[in-house]
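One structure is given below, encoded as structure tokens.
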Amino acid sequence: MADPTQIPMDFGHLPAFSDADFLAAASNAEALEWVRRWPAWPAFALALAGPAGCGKTHLAHMFRDRSGGVLLAAASLTEDNVPLLAEHMAVVVEDADRGVDEVALFHLYNLLRETGRFLLLTGRQAPARWRRALPDLRSRLAAMPVAAIHAPDDGLLEALLLKLFVDRQLRVGPDVLSFILPRMERSFAGARALVEAIDVAALARQRPVTVPLVRAVLLGETGRDG
């Protein structure tokens, strides 16, 4: 019978999406400024563009809370729910570049503009580069202002790593962060994946997060002691 102390138990974790928890840096300054200066936007709509895990969702939640709006995944947008959504002061549609009902988005765009409300879209690329079959929607998206989030520097990566560990209720020392930074994939998604792998290894071994544990994860040696 397997030893239950050696079986990783994922109890989940809740990322913090408050203003105070956002990691401000040069790479996301433009996007953060757009969110903070709402409703004094030069247009009713905005697109946040950046790589996976870069903070788009965090900013989207901050905007929703500030505006009193509603947030939904692009896959949840339908023609039927457009009228109800448009009753809110603002609507946030996440991952709009990865599959969305084009007719529904077109109607939502027009209805929000006509009623003086706001629209925030997020995606990995600027809307002008999204593949859209509906010509009228394509032209509207291409004209939207875009706030880009760029690749992180060392300072932001270190702060992100620390936040990800805290979100998972893992305590790490400066030595662990210093060890990780020069050895990790230089991306937001890479940081998230690495912290998740370290969390799984720490749970499986019932050990704290230390440099030897992190080294074993990076080398793919999580089945050994370290």
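Could you please find all residues in the range 114-130 being surrounded by fewer than 20 Cβ atoms within 10 Å (Cβ to Cβ) and touching a Lys or Arg at 6+ places or on another chain (Cβ under 9 Å)?
Residues of the range 114-130 that are surrounded by fewer than 20 Cβ atoms within 10 Å (Cβ to Cβ), as a first pass: 114-116, 124-126, 128-129.
Across the range 114-130, the qualifying residues are R124, A128.
When both residues are 6+ apart or on different chains and their Cβ atoms are under 9 Å apart, which pairs have a first residue that lies in the range 71-84 and is surrounded by 15 or more Cβ atoms within 10 Å (Cβ to Cβ), and a second that is hydrophobic (A, V, I, L, M, F, W, C) and part of a loop (DSSP other than H, G, I, E, B)?
Note: pairs meeting the criteria are A74/A96; A74/V100; L77/A96; L77/V100.
Looking at (1) in contact (Cβ under 8 Å) with a residue 12 or more places away in the chain; (2) aliphatic (A, V, I, L, M); (3) under 26 Å from A24 (Cα atoms), can you tell me which one A193 breaks?
Just one mismatch for A193, condition (1).
How many of the residues making up the range 172-205 are surrounded by 19 or more Cβ atoms within 10 Å (Cβ to Cβ), small (G, A, S) and either more than 23 Å from the chain's Cα centre (by Cα) or modelled with pLDDT of 95 or more (or both)?
Matching residues across the range 172-205 total 2.
Let's see how each residue does on (1) under 12 Å from the mean Cα position of the chain (by Cα); (2) at pLDDT 85 or above:
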site: I7; (1), (2): no, no
site: H13; (1), (2): no, no
site: S18; (1), (2): no, no
site: D21; (1), (2): no, no
site: P39; (1), (2): no, yes
site: T57; (1), (2): yes, yes
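Of the conditions (1) touching a residue at least 40 places away in the same chain (Cβ under 8 Å); (2) surrounded by fewer than 16 Cβ atoms within 10 Å (Cβ to Cβ); (3) under 27 Å from L32 (Cα atoms), I149 fails just one. Which one is it?
It is condition (2) that I149 fails.
Of the residues A104, A128, A133, which single one is outside any helix (DSSP H, G or I) and over 18 Å from the mean Cα position of the chain (by Cα)?
Working: A104 fails: outside any helix (DSSP H, G or I); A128 fails: outside any helix (DSSP H, G or I).
From the options A104, A128, A133, the qualifying one is A133.
I'd like to verify a number: residues in the range 159-178 that are within 30 Å of L121 (Cβ to Cβ) and either assigned by TED's automatic domain parsing to the domain that holds V35 or charged (D, E, K, R) (or both), how many?
3
How many residues are hydroxyl-bearing (S, T, Y) and farther than 18 Å from A31 by Cα when one looks only at the range 57-79?
Within the range 57-79, residues that are hydroxyl-bearing (S, T, Y) and farther than 18 Å from A31 by Cα number 2.
The values are calculated or read from the model by the stated rules, or taken from the named source; none is laboratory data. Bear in mind the structure is a predicted one, so any value in this text is a computation, not a measurement. Positions of Cβ are backbone-derived with ideal geometry, glycine not excepted, and every protein chain shown enters the neighbour counts.
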